[in-house]
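Okay, so here's the structure we're looking at.
We did not get these values from a lab; they are worked out from the coordinates using the rules stated. The structure presented is a predicted model; accordingly, all values stated were derived computationally and were not measured. Cβ sites come from the backbone with ideal geometry, for glycine too, and all protein chains shown count toward neighbours.
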């Protein structure tokens, strides 16, 4: 069986204006690099469906879904916050990005693929129950988690997030829900300016100082994530895979390299093999230096396709 590679053409039509870092070229850079490296030969491509209203309402309020639908412009841009805007294709792209998460869970849970990577945008982990922010509209990873719990009857799902920014939207949705373990690493003092106090017992934080490098990340994740995941024994692991902690990405300042993404992925794979029959659903979040993004995604995918 091959790893699923899920995307949709609309994800490249969403854009938020000239020079915006969350640009359509991100997906092209990833796919081109995976083709060059031969990794696309190790994956099965799928076209993402659009998430249904019911699937979105598992994690978002009806008011937020209706607000986004009403805001969707026929042309030009409509601003959601200072950094986040919609064009005529954004709503469609956001629905397909969330739909990719649903399809990925279905494929993995049905045993049709061992794991899945969703090459989608807009990203999702800053989208809370009732609002979007930070380039995000719907919380794709949380849609995946909710679908696994609701439609596949799982009792324990882990959501792990290694973006340079904390997944505050995911925390808003899942903090206090004992069925979900949320593990997040992020740079301290960076948007969304999360402090170091966990919001609930099911939230495990690994905040990292600026310029701390990959060794600090490995130590923190081994100390905090690894024992929590082992004790929780997830039946599925959903990954918010952000690559903006790379040393070439000026969105943050953690100084990671490709080997660091390979290391954290190998840790996730080991836990999935121990408790989840190897089942992993990974979704693209951040990563804005195109070459570094593409190389880091390849480093992330190698342990999955192997």
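Check whether at least one residue in region 125-138 is without any contact (Cβ under 8 Å) to a residue 40 or more places away in the chain, over 13 Å from the mean Cα position of the chain (by Cα) and surrounded by fewer than 24 Cβ atoms within 10 Å (Cβ to Cβ), and report yes or no. Looking through region 125-138, none of the residues is without any contact (Cβ under 8 Å) to a residue 40 or more places away in the chain, over 13 Å from the mean Cα position of the chain (by Cα) and surrounded by fewer than 24 Cβ atoms within 10 Å (Cβ to Cβ). For region 53-64, the set of residues classified as within 19 Å of residue 174 (Cβ to Cβ), touching a residue at least 24 places away in the same chain (Cβ under 8 Å) and in a helix (DSSP H, G or I) consists of 55, 56, 64, listed by residue number. If the condition is being buried (at least 24 other Cβ atoms within 10 Å of the Cβ) and touching a helix residue (DSSP H, G or I) at 6+ places or on another chain (Cβ under 7 Å), then region 146-160 contributes 147, 148, 157, 158, 159, 160.
The rows are residues; the columns are (1) in a helix (DSSP H, G or I); (2) touching a residue at least 40 places away in the same chain (Cβ under 8 Å); (3) within 26 Å of residue 58 (Cβ to Cβ); (4) under 18 Å from the mean Cα position of the chain (by Cα).
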residue	(1), (2), (3), (4)
149	yes, no, yes, yes
176	no, no, yes, no
196	no, no, no, no
216	yes, no, no, no
228	yes, yes, yes, no
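When residue 270 is tested against the conditions (1) surrounded by fewer than 22 Cβ atoms within 10 Å (Cβ to Cβ); (2) touching a residue at least 12 places away in the same chain (Cβ under 8 Å), the lone failure is (2).
Quick one: how many residues across region 161-173 are touching a helix residue (DSSP H, G or I) at 6+ places or on another chain (Cβ under 7 Å) and either more than 21 Å from residue 288 (Cα to Cα) or part of a helix (DSSP H, G or I) (or both)?
First, pick out the residues of region 161-173 that are touching a helix residue (DSSP H, G or I) at 6+ places or on another chain (Cβ under 7 Å): 161-162, 170, 173.
Add one more test, that the residue is either more than 21 Å from residue 288 (Cα to Cα) or part of a helix (DSSP H, G or I) (or both), and what stays is 170, 173.
Within region 161-173, residues that are touching a helix residue (DSSP H, G or I) at 6+ places or on another chain (Cβ under 7 Å) and either more than 21 Å from residue 288 (Cα to Cα) or part of a helix (DSSP H, G or I) (or both) number 2.
In the condition set (1) surrounded by fewer than 24 Cβ atoms within 10 Å (Cβ to Cβ); (2) under 26 Å from residue 251 (Cα atoms), residue 169 is compliant with all but (1).
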